[in-house]
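What follows is a short report on a single structure.
The values are calculated or read from the model by the stated rules, or taken from the named source; none is laboratory data. As the structure is a computational prediction, the values presented were derived from the model and not from experiment. Note that we place each Cβ from the backbone using ideal geometry, even for glycine, and neighbour counts take in every protein chain shown. Each accessible area value is taken on the protein alone, full model and side chains, heavy atoms only, with ligands, DNA and RNA left out. Shrake-Rupley method; radii C 1.70, N 1.55, O 1.52, S 1.80 Å.
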Amino acid sequence: MSTKYTFFVHLQATKTWLSLSREQRSAYFSESVGDILSRYSSVSLRLYDAEAFCAKCSDIAVFETVIIQDYYFLMDALRDSEVFTVPYFTLVDIFPAIEEGFKEYQSSLLQYQATD
């Protein structure tokens, strides 16, 4: 069974991002960010708006992958892009998690006990 890693990346939109028109934001995301995402096809991304519910972050990006190095490289590519260099967003926090990690742990216990 391969481990699925999930990263909950909390972001805060900057005034620079918000000053762009919605069309400009959409074009930037599909072209620049889309290009970065296409390089790391093992990583999926879901985006959530949080600004109406949370003062700490405006957006939550949820990345999922079974290849942790692809996530790492994707984040480095984003850090090299205007997402973080202009910046369009500031990074508030990252919460890594393993989906149903308890099941893998339980399985490892059974394997360990079987060898005793």
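A few notes on this one:
- Subset of the stretch 1-59 that is within 30 Å of Tyr105 (Cα to Cα) and at pLDDT below 95 - its residue that is surrounded by the fewest Cβ atoms within 10 Å (Cβ to Cβ): Ser2
- Residue in the stretch 100-113 that is at pLDDT 95 or above and part of a helix (DSSP H, G or I) present: no
- Restricting the stretch 61-89 to residues that are open to solvent by less than 60 Å² (accessible area, probe 1.4 Å) and either over 21 Å from Gly34 (Cβ atoms) or among the polar types (S, T, N, Q) (or both), the residue that is farthest from the chain's Cα centre (by Cα): Ser81
- Screening Phe89 on (1) touching a strand residue (DSSP E or B) at 6+ places or on another chain (Cβ under 9 Å); (2) farther than 19 Å from Glu31 by Cβ shows it passes everything except condition (2).
- Residue within the stretch 100-109 that is touching a strand residue (DSSP E or B) at 6+ places or on another chain (Cβ under 9 Å) and either on the phi > 0 side of the Ramachandran plot or open to solvent by less than 80 Å² (accessible area, probe 1.4 Å) (or both) present: yes
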